[in-house]
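Working notes, structure below.
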Amino acid sequence: MYNFVAIFLFIYIVIYSINMVLVLGSYGTTAQGGLTYKFEVPNGKYNVSMGFFDPWAHKDRIEDILINGNVVEKELCPTVKGKVPNKYVAEVKDGILTVRVQKSINGKDKPLISWIIVSK
């Protein structure tokens with residue numbers, strides 16, 4: 001009944017096409033419960049799609065999404081909106097695409113992210 005693929009980001013994959021290349025990124029956490037993913041990519045514009053699946057269905061898991069330091073989504077709740085791919089456009093000028101997921105001010109639980117796809 002449910003068609004979804006949850007790739008938990010202990011190891012994650014980023015794909016960008018015709019340029020279809022497999023890129024592994026690095027990540028870090030903070031005491032505030034944030035996750036930062038950095039990808040080395042050529043300069044240019046990229047489509048960034050993200051999926052969120054919260055197996056615990058915490059309605060108090062409210063998070064903000066930042067790409068290259070810019071807030072692209074505020075107060076996203078993975079239980080409500082995260083089940084569909086969320087798509088954003090980002091421009092890379094320094095060879096690094098940075099995606100950060102952090103707990104919103106109104107959030108009561110640590111953020112999560114299931115997958116990221118970057119396409120040129």
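Each reported figure results from applying straightforward, stated rules to the coordinates on display, with no laboratory input. Computed from a predicted model, the values in this text were never measured in an experiment. Cβ placement follows ideal geometry from the backbone for every residue including glycine, while neighbour counts extend to all protein chains displayed.
Just a few scattered comments:
- Of the trypsin sites (Lys or Arg not before Pro) found in segment 31-79, the ones in coil according to DSSP and having at most 14 other Cβ atoms within 10 Å of their Cβ are 59.
- The slack between residue 43 and residue 59, meaning 0.36 nm per residue of separation minus the straight C-alpha distance, is 2.1 nm.
- Shown is the FRET efficiency for residue 119 and residue 36, computed with R0 = 30 Å from the Cβ-Cβ distance and rounded to the nearest 0.05: 0.90.
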